[in-house]
Amino acid sequence: MNKLICFDLMETLVFPPDSLTLNNWITKKAYFLTGFQKEMFLKGFPYSIFINNIEELNLVKDKLLCRQILNNKDVFDILSVPYNSVWDRITEEYISLFMKNYQFNENIIIMLSKLKENARLCLVSNLYSVYKPLISLLNFDSYFDQILLSCDIMERKPSLKVLKKTKYKAYENRIFIGDNWHSDLIIRKRQILMRSDTKLPQPFASWSNSL
């Protein structure tokens, strides 16, 4: 067995609730959100009410993706934001809605079982700790030989520190599967870099044997 296959989690194996479910919740419980906040909730970002633009989104990601968040009050403390009971409620309701209605194709389990016969499987994800229960709910420990979550290892893709933890150099063939080329795509040393407007299938796979 000389093959390594690394999967991302969100928007690759697991997807947010369908837009109808989320829009119904927004209409009933979070109608006052801005358009940007609604868009981010639809994409699965649990702390959308804390942000108003892309810059704030990236800042919150930097502060929360590599942390263990025990409760929403931790988020207020980490972001140095005064406690707001409405924001707390909206965030809690959204996370609960997500965990009850996330989308997952059961055929993925069949696929992973087949792949595991001839390859070492890794799950490598920039994941907010509130979504970590998905791992046990989907029994991923039984299918992945290694699970690397940013909230556990305190590092996030595309850091080489994360890549090295997969022990990729021990494998002649390496495949990385994800949905975000900024963090999931592994560029070969001599490969031409893609422009930022390059459109990739969602999700996509990057193959490399020359890292």
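Computed from the coordinates by the stated procedures, all read-outs in this text should not be read as laboratory data. Because the structure is a prediction, the values reported are computed rather than measured. Ideal geometry is used to build each Cβ from the backbone, glycine not excepted, and the neighbour counts take in all protein chains shown.
Things worth noting here:
- Residues that are in contact (Cβ under 8 Å) with a residue 24 or more places away in the chain number at least 3 in the following helices (runs of 4 or more DSSP H) confined to segment 1-102: 19-29, 85-101.
- Subset of segment 117-161 [surrounded by fewer than 17 Cβ atoms within 10 Å (Cβ to Cβ), under 17 Å from PHE176 (Cβ atoms) and either in contact with a Pro (Cβ under 7 Å, 6 or more places away or on another chain) or of a type in the set (D, E, K, R) (or both)]: ASP145, LYS161
- Residue that is farthest from VAL14 (Cα to Cα) [pool: residues in segment 61-78 that are buried (at least 17 other Cβ atoms within 10 Å of the Cβ) and of a type outside the set (S, T, N, Q)]: PHE76
- Enumeration of residues in segment 79-110 that are hydrophobic (A, V, I, L, M, F, W, C) and loosely packed, with under 14 Cβ neighbours inside 10 Å: VAL81, VAL86, PHE104, ILE110
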